[in-house]
Amino acid sequence: MINRRRFLAVASGCVIGAASGASGATTGGFPLVDIGSLKRFDKDGISEEFLQNDFFVIRYQGNLYAASTTCPHMGNILYRDPSDDTRILCHGHESVFTPEGLAVVGPASSGLVRLGITVNAEGHVMVNPNKQFPQDKWDDKGSCLVIEKTKS
C-alpha cells in the first residue's frame, strides 16, 4: 500500500519527466538516504529519526534494518510503542510488530517491508526506498546489514 506522500512524490516525478521530454529508463523513484556512519548504530533499538523518509532504522541482535512505517495490513502509519521501545504498533487495528518486523498481535498477517540497506565506501549507511523486501524476501542480500555476530 502506498501512502499519500509517496504517491505525490512519484506522480510529481512522472509529470516532471514527461514535461522534460525524458525517454528510456527512469532512474526510479526516491533517492538513497544517507543515515550516517555505521558506528552511530551501536545499541539495539528502534529509531524514529527517519520517519520523514517513511522508515524506521532498527538495530536488533546484531543486524541493522530499515523498515517501512506503513502497516502491511491496511496501510496505516506505524509508531514505536511509547511504553515498550522493543515493539512497533499500528494504531488502526492494533497490530504489534517485533523489532525484527514480525507481526505478533492483531490482523496483520505479514511482517514489515524492509528497505534496501548498504554501506558505501565512506562507511555511511545508505537506505534505498526503491528496493523493498517483503517478509518472504528478508533472507535476500540487501535486506539487512549484519553488524556483529550475535553471542548466545
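So if the hydrodynamic radius of segment 31-146 is defined as the Kirkwood radius over C-alpha pairs, what does Stokes-Einstein give as its diffusion coefficient at 25 °C and 0.890 mPa s, in µm² per second?
Here the translational diffusion coefficient equals 175 µm²/s.
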| request: Could you list which residues have their amide H under 5 Å from that of Gly36, counting only those 5 or more apart in sequence or on another chain, with H placed in the peptide plane? | output: Val125
| field | Sparse-neighbour loop sites [trypsin sites (Lys or Arg not before Pro); segment 50-152; at most 10 other C-beta within 10 Å; DSSP] | value | Lys141, Lys149, Lys151
| message | Could you tell me the relative contact order of segment 31-146? Use alpha-carbon pairs under 8 Å, at least six residues apart, and round to a whole percent. | response | 25
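FYI, it's all coordinate maths here, none of it is from the lab. Everything numeric in this text was worked out from a predicted model, so none of it was measured. So basically every Cβ, Gly included, is an ideal-geometry build from the backbone, and we count neighbours across all protein chains shown.
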